[in-house]
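Since every read-out is calculated from the coordinates, none of them should be taken as a lab result. As the structure is a prediction and not an experimental result, all values here were calculated from the model. Reconstructed Cβ throughout: ideal geometry from the backbone, glycine too, with neighbour counts over all protein chains shown.
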Amino acid sequence: MLLDPGMDLTLRPMRYPHFFDRYRDAIKNTWTVEEVDLHSDLADLSKLSPAEQHLVSRLVAFFATGDTIVANNLVLNLYQHVNSPEGRLYLSRQLFEEAVHVQFYLNLLDTYVPDEQERFEAFAAVENIPSIARKAEFCFKWIDSIFELRELRSREDRRAFLLNLICFAACIEGLFFYGAFAYVYYLRSRGLLHGLASGTNWVFRDESMHMAFAFDVVDTVRQEEPDLFDAEMEKQVKDMLAEAVECEAQFAADLLEQGVSGMSLADMRSYLEHVADRRLAVLSIEPMYGSKNPFAFMELQDVQELSNFFERRVSAYQVGVTGTVTFDDDF
Amino acid sequence: MTVMRVRKRNGDSETVDVNKIVRAVERWVGDLDEVDPLRVATKTISGLYDGATTAELDKLSIQTAAELIGEEPQYSKLAARLLAAFVDKEVRGQGVASFSQSIRYAHQQGLIGDGTAAFVARNARKLDDAVDADGDLRFEYFGLRTVADRYLLRHPESRLVVETPQYWLLRVACGLSETPAEAIGFYRLMSSLAYLPSSPTLFNSGTRHTQMSSCFLVDSPRDELDSIYERYHQVAKLSKFSGGIGISWTRIRGRGALIRGTNGKSNGIVPFLKTLDAGVAAVNQGGRRKGAACVYLEPWHPDIEEFLELRDNTGEDSRRTHNLNLANWIPDEFMRRVEADAEWSLIDPSDAPELPDLYGDAFDEAYKAAEKKAVKTVKARDLYGRMMRTLAQTGNGWMTFKDASNRLSNQTGAPGNTIHLSNLCTEILEVNSDDETAVCNLGSINLGAHVTADGVDWEKLRETVRTAVVFLDRVIDINFYPSTQAAASNPRWRPVGLGLMGLQDAFFTLRLPFDSEGARELSTRVQEEIFLTALETSAGLAETFGTHPAYQETRAAKGELHPDLWGVEPSQTDRWAALRSRVAATGLRNSLLVAIAPTATIASIAGCYECIEPQVSNLFKRETMSGEFLQINTYLVRELKARGLWTAPIREQIKRAEGSVQGVADVPADVRELFRTAWELPQRALIDLAAARAPYIDQSQSLNLFMSAPTIGKVSSMYLYAWKAGLKTTYYLRSRPATRIQQATVAIAPVATVTDDEALACSLENPESCEACQ
C-alpha cells in the first residue's frame, strides 16, 4: 500500500501510473525565471497608491518565504512516506518547481526592493511582520507534527501523515496561496504589475497541479484504507481549515487596512471561505461556510487566455512535443 | 452594515447612497433592456472601502459593470458608456468643451502638429458640428477601455486625457484630410466602426510625429560589422515610432567562417541576434507597447539549427532571444527535398553571397552549384522536423515561402528586385535592399459592419474600400519616415495594405460554419470585391496624380494583374476587363494594395473578431497592458437566449469546457456546428479558405493555425499541405498549455454524477486538469 513504510524502487509493473502521468505533464510546462519580464512593473509600482503599495510589499514578503516552507515539508515529510517510485518522481519534479518559484520571488524582490536593508527586512518577514508570522507558525506546527515520525507504522501515524498532507494541499497551497493569488489577479485585472502577474500565473498553474497531486494521493489512500477516513478525521480537517481561514483573514486585514477600492475585507473573507468550502468538497466533506466567490476577476482566471503578442508574452506553449515527420496525419 | 463615506473632488465627504449610484447608472441604460442598475450599484458598494474618493467610486462602478459581462453581454455596452462619461468628465474638467478646443489645447501642450492645428482652427465650426454625440454608444467595453488607456492623447504632465473618443477619431481624420468635407466623411466611416486604420495611424495622425506606418521590412545587413551596427540603429529608430519590424539575417556568415581582417573565426549570428534582442526590448513605443521584431533566416544558412533554438526556454541564456520572433524564409527546393527525403546542404553566405537575391529556377541552380562548398549536410527531413518542433513548442519559427512570395508579386517584374523577407506579422511582402527599407501602412475593413442576415451590402463595401484606399495612399505623403532607407522606398513603390476583420462575424450572421462550402465562397467573393475595388481606386488615383515612380518595374506595367499570376478566372469578368484597359492606359498609383493583418488591437476597438480568423473560444479573456477582459460570443448568447438555453447551468458548462459548446447536450447539433472554436475546426479548412482568397491578395495574410496538442506528425503534415496549397506565408502555430490552473470558480462536480461521455469530452478538452474527472 502507498503508505507502507519503505523505499519501493520498482517502476515496473507500475502500481500508480496516474502519478507518472502527472509527472510527465508537469515536465511539459517547464518555465524559467528568465522568461518573466519585470521591466514594466517598476513603472507601475511608482503609480500605486500608498494603500496598494502596502498591499504589494506585504504580499511579496509572504511570497519570499512561502514556497521555501512548502519545499521543506516536501523533503522532510512527504517524500519520505509516499512509498511509490512514480509518486516520488512527481514529488522530485514538484521540488524543482518550488525551487523555480523561490527563485522567481527572489528575483522579484531584488527588482522591486532596491534598498538592501528593506530587502533584508522583507526576507525576514516571518519574524518581523505579525500577520505573516502567524501564517508561518501555522505551517511550522504542521511540519513539526510528523517530523519525528520515521515510519508510518500505526493507524495513528497514517492519520497524522494524511493531516499533514491535507494541510499543505488544502490550507497552504490551496488557501494561503490562493489568497495571495487573488491579490495579484486583482492588480492584474486593473492592468498593473504584469511581470508579477505573468510569473504568478505560472506559479499558480504549478501550485494547482501540486494540490491536485496531493488530493490524488489522498484519494488513493482512501481507496486502499477507507477506515482511516472517519468522523474524527473529518472534524480535524474542518478545524484545521477554519484555523487557516482565520490566519489568512488576519493577513487580509493587514494587507487591506488602508482601503483598496474593489477589494473589501468582507469580500476577501467570503472568497477565502468559498475556497475553503471547495477544498472540503474535493475531500467529500460538507461545506462549512456556504459563501460565494465575490471576485469576478477570479472568474477571469478560469477562461482561456488570448494575449496580444505585441503586448505580452503568451504563456500557453508546450514543452515536450513528440512524434516524427510524416505527411499523412490528420489535422 | 456600517455607514460608508466617500470623499468628493472638492474635499468634502458624503455618505454613500445606493440610490444615487443607481441613478447615475440608469442614465446610460437606454436600449439595454437586460441590465440591472441596482445590481451594479450594490456590487459596487460591496467592493468599496470607507473614505474612498468619488473617482474611485466611478471607476469601481465601471469595473463592476464590466465584471457582469459573462452573464449578460449587454453589461459590456453599459460599462463602455460609464467609461465614456468618466473620460468626458476628465476632458471637460480641463476646460475643453468642443473638438476645436481640444485640438487647440493639445497643440498648446505640444501634442498636435501645426498643420492639423491650423486646419482645425480654420474649419472649427464645421468640424465641431460634425461630432457624433451618440458615437460612443457603439463601443463595447474592451474596445473603449483600450482607446481610453492607449489611444487618446494625454497632457504631458498631468497625464489626463485631452480628447474624447470621438474627438480622437476626428483628429485622426483631420490629420489626413485636405478639406473639412473629406475629414468629416472619413471620420464618419471610422466612427461607425466599419473601417479603422492601423494603430500607428490611430496613434499619430495629426500629431507632431506623423509616423503612421505599421510595418518595416529591413534587408539583411551586409556581411560586415559596420552594416550590422547600422541595422541596430535603424531598427531602434523604426521601433521608437510604433513600427513592427521584420529583418533578415541571411547574409551574415555563420559560426566558424573565416574573418579575413583579423584572421579569426566568426561566432556566427547568435551573439548578434542577442544584441538585437536587447535593443528591441529597450525601445518602448511611447509607453504604449513594447518594441517587436521578427528575424528571417533562409534554411540553408549554417546557423539555422542554433537559430531555431533562440526561443527555447532552457539552455544557455546568452544564446536565447526572448523578445525576437523567428521566421523561416523557405525556398521550394527545401520543401521538395523534405518530401523526397533527400539531403540538404548548409552553405555559408560568404561562400554564396548571391543566394539571398535569387528565387525560383535561378535560386535552385545557384544553390545546387554552391552545394559543393557546403559547410555541412543534413537530412532535409531532420531539419524540417526541427522546425516543426520549434513551432509546436514556442509557436514561433513561422513558415514563410520565398518562391511563392516572389513569383506571385507585382513588385518583382524587373530583374534584381527581390523580396527578401516578410514582416513582423507575415502579411507584408515587399522588395527591399541594402538602401531601401520597405514600408507599409495598413487599415482594415470590418466586414461584420457590412453584413446583415440578408447578405453582404456590396455597395457599402465598395464605398468603404474607396475611402480606405484614398486615405491609405494619403499616408504615404504625410508620413514621417524614421530612417532614410524607409524614406527612399515608400514614395517609389507606394504600397498599402488594406485588410479585413470580422470575417467570423459575417459567418455567424449568415449562419455559415467556418469549414462550409458557403463560407469559402463568401470569403473568396468578398476578397475579390475588395481587391478589385482597391485596384479601381488606385487606377483612379493614377489618372489624377500619375503612377508611382517604380511602376515600370512592376508586373502590372506588362499587363499582368495579380489573379493572372495565380492563373485563376475572376467572377466579375466585365469589371476586370474594364480595369485592365484603364491600367493599360494610365497605370496604378500603388504597387500593392491588399494585405490581411492580424488586427489584434483594432478589432477589439471595433468590437469584431480578428481578421480572417475563426473564434478562439466562445468565452475567453483578453490580456493586454490595460488589464484582463472577459469576452463572450454575443452571437451564441443571442442564439441560446432565443432558445431559452442561456441559463446558469449552461453557462457553467461552457465555462467548464473553456468556452466550448460541443459537450453541451441541450444545444442542437447545427448550433454546435456553427459555434465551433478554432481548436475544434479542421485546420485544413483554414488553409483551404486562405488559398482560395489568395489570388485576390497581392501581399499576404497573417494566417494563424491552431492545434491543442500538437505532435510532430500532425504539424509536419499540416505545413506541407499549406505549402502545396500555394500559401505565401503562415503565422503562429497556436497551441494550448499542457496543464492549466485549476478552475477556481466553477463548482466542483461530484464524481458520481459525471457520465462517461461528459468525462471523455472533458478530458479531451483539458487533459489532467478538469476537476470533474478526479
- Message: Using 10 Å bins from zero, what percent of all Cα-Cα pairs in region B:550-656 falls into each bin?
- Response: 11, 27, 18, 17, 18, 9, 1
- Please report, in debye to the nearest 20, how large the charge dipole of region B:253-361 is about its Cα centre when each Lys and Arg carries +1 at its beta carbon and each Asp and Glu carries -1 there. 860
- Give the long-range amide H neighbours of residue B:53: residues separated by 5 or more places, or on another chain, with amide H under 5 Å away, using H modelled in the peptide plane at 1.01 Å from N. B:7
- Task: State the answer as a single residue: which of B:64, B:497, B:167 lies farthest towards the positive end of the charge dipole of chain B, with beta carbon charges of +1 for Lys and Arg and -1 for Asp and Glu, about the Cα centre.
- Result: B:167
- Query: Expressed as an acute angle from 0 to 90° and rounded to the nearest 10, what is the orientation of the C-alpha long axis of helix B:270-282 relative to the principal long axis of chain B?
  - Reply: 30
- What's the center-to-center distance, using Cα atoms, between region B:65-119 and region A:172-218 in Å? 36
- Message: Taking every DSSP beta bridge with both residues inside region B:326-480, roughly what % is antiparallel (nearest 5)?
- Response: 65
- Query: Angle between the Cα long axis of helix B:165-175 and the longest principal axis of chain B, 0 to 90 degrees, nearest 10?
  - Reply: 40
- Query: Could you give the length gained on full extension between residue B:341 and residue B:641, defined as 0.36 nm per residue of separation minus the Cα-Cα distance, in nm?
  - Reply: 102.5 nm
- Message: Under a crude label model (7 Å from the Cα following the beta-carbon direction), how far is residue B:433 from residue B:685 in nanometres?
- Response: 4.6
- Query: Given charges of +1 on the Cβ of Lys and Arg and -1 on the Cβ of Asp and Glu, with all other atoms neutral, how large is the dipole of the protein assembly as shown about its Cα centre, in debye to the nearest 20?
  - Reply: 2380
- Item | Angle between chain B longest axis and helix B:180-191 axis [Cα atoms, degrees, rounded to 10] | 80
- Item | Förster radius 45 Å - calculated FRET efficiency between residue B:226 and residue B:178, Cβ distance, rounded to 0.05 | 0.60
- Provide the gained length on full extension for the span residue A:284 to residue A:96, in nm with one decimal, where the gain is 0.36 nm per separating residue minus the Cα-Cα distance. 64.6 nm
- Show the residues, 5+ positions off or on another chain, whose built amide H is closer than 5 Å to the amide H of residue B:376. B:346
- Query: Stokes-Einstein at 37 °C, 0.692 mPa s, Kirkwood radius from Cα pairs: D for the protein assembly as shown in µm² s⁻¹?
  - Reply: 106
- Cβ-derived FRET efficiency at R0 56 Å, residue B:88 paired with residue A:322, nearest 0.05: 0.50
- Message: Can you give me the long-range amide H partners of residue B:423? Hydrogens built in the peptide plane at 1.01 Å from N, cutoff under 5 Å, separation of 5 or more residues or another chain.
- Response: B:428
- How much of the DSSP beta bridge set in the protein assembly as shown is antiparallel, as a percent to the nearest 5? 50
- Item | Farthest toward positive dipole pole in the protein assembly as shown [+1 Lys/Arg, -1 Asp/Glu at C-beta], among B:4, B:266, B:102 | B:102
- Could you work out how far apart the two model spin labels at residue B:572 and residue B:122 are, taking each label as a point 7 Å from the Cα in the direction of the beta carbon, and quote it in nm? 3.5
- Query: Under the classification rounded if a/c is under 1.5, otherwise prolate if a/b is larger than b/c and oblate if not, where does region B:386-478 fall, given a ≥ b ≥ c as square roots of the Cα gyration tensor eigenvalues?
  - Reply: oblate
- Taking the Cβ of residue B:420 as the center, what net charge do the other residues with Cβ under 15 Å away carry, scoring Lys and Arg +1 and Asp and Glu -1? -4
- Among A:186, A:199, A:146, the residue whose Cα sits farthest towards the positive end of the charge dipole of region A:138-200 (+1 at Cβ of Lys and Arg, -1 at Cβ of Asp and Glu, taken about the Cα centre) is A:186
- Query: On full extension of the chain, what length is gained from residue B:414 through residue B:9, given 0.36 nm per residue of separation minus the C-alpha to C-alpha distance?
  - Reply: 139.1 nm
- Query: Taking GluC sites (Glu not before Pro) that fall in a DSSP loop and have at most 16 other Cβ atoms within 10 Å as cut points, what is the longest piece of chain A between them?
  - Reply: A:1-147
- Query: Going by a ≥ b ≥ c, the root eigenvalues of the Cα gyration tensor, does region B:38-154 fall in the rounded group (a/c under 1.5), the prolate group (a/b larger than b/c) or the oblate group?
  - Reply: prolate
- Message: Just to confirm my numbers, what's the Cα centroid distance between region B:593-610 and region B:174-196 in Å?
- Response: 18
- Mean ellipticity per residue at 222 nm, deg cm²/dmol - from DSSP H runs of n ≥ 4 across chain B, formula -39500 (n - 2.57): -13000 deg cm²/dmol
- Task: Mind grabbing the base-10 log of I(q)/I(0) for region A:87-246 at q = 0.19 Å⁻¹? Debye formula, identical points on the C-alpha positions, no solvent, two decimal places.
- Result: -1.39
- Message: Taking the Cα centre as origin and putting +1 on Lys and Arg beta-carbons and -1 on Asp and Glu beta-carbons, what dipole magnitude results for region A:1-55, to the nearest 20 debye?
- Response: 400
- Give me the aspartates and glutamates in straight-line cross-link reach of residue B:558: C-alpha distance below 19 Å, same-chain residues under 8 apart excluded. B:430, B:536, B:543, B:569, B:698
- Item | Fraction of beta bridges assigned by DSSP in chain B that are antiparallel (%, nearest 5) | 50
- Task: Run down the lysines and flag those whose C-alpha is under 17 Å from the C-alpha of residue B:379, throwing out any fewer than 8 positions away in its chain.
- Result: B:368
- Global geometry of chain A, whether rounded, prolate or oblate, following the gyration tensor of its Cα atoms and the 1.5 cut on a/c: oblate
- Message: With equal scatterers on the alpha carbons only and no solvent term, can you work out the Debye log10 of I(q)/I(0) for region B:544-601 at 0.19, 0.22, 0.25, 0.29 1/Å?
- Response: -0.78, -0.95, -1.11, -1.29
- Can you pull the three principal axis extents for the Cα set of chain B, in Å, largest first? 85, 74, 60
- Item | Where labels lie 7 Å past Cα in the beta-carbon direction, separation of residue B:354 and residue A:239 in nm | 8.8
- Report, ordered by chain and residue number, the lysines lying within cross-link reach of residue A:235, taken as a straight Cα distance under 22 Å and ignoring same-chain residues fewer than 8 apart. A:135, A:141
